[in-house]
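Have a look at the structure below, then the notes.
The values are calculated or read from the model by the stated rules, or taken from the named source; none is laboratory data. Since the structure is predicted, the reported quantities are computational estimates derived from the model, not experimental observations. Neighbour counts are summed over all protein chains in view; Cβ atoms, including those assigned to glycine, are modelled from backbone coordinates with ideal geometry.
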Ligand SMILES: [Zn+2]
């Protein structure tokens, strides 16, 4: 969903703000249509390997966060389940294939997007052992490579994702003892 519409898509009347379910929502005074805004769903897969413990990231070549490293991910098609979309995006951006049955839910992120909307990113994780194909940067990726935990702090990452990447690495490496007693990164 992008920015809230100014006119009713059904009758063209100028929308007004109304309180509905405790939130201010746009409302058509003519046909009583209510604008419910929702985040756009996206999904991606973090591939982790254990020798050395590291996570596969792609360098973004399109907004948001162009030039930053992040997970291979993208928007779901309207009728596409999240695991299938995540697997498709992994293949398109990295050349790697994995069965949707071999990925596990790791985290979600709500990211501000263009046009004043939000994107809900569903993040899966899988082992490099479950993956096949030849690693190569594809669409929407300027580069692709594995990162160890110690490299993440000196790398430009998409904001708000570092803890997710660390968490992915921990699924094969166990918690990093550098972080013991510290605040979550
Ligand atoms: Zn209307």
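For residue 63, state whether it is farther than 13 Å from residue 158 by Cβ and either within 13 Å of the ligand (Cβ to nearest atom) or assigned by TED's automatic domain parsing to the domain that holds residue 96 (or both).
no
Would you mind telling me which numbered condition in (1) surrounded by 16 or more Cβ atoms within 10 Å (Cβ to Cβ); (2) away from the ligand (no atom under 16 Å from the Cβ) residue 35 fails?
The number of the failed condition is (2).
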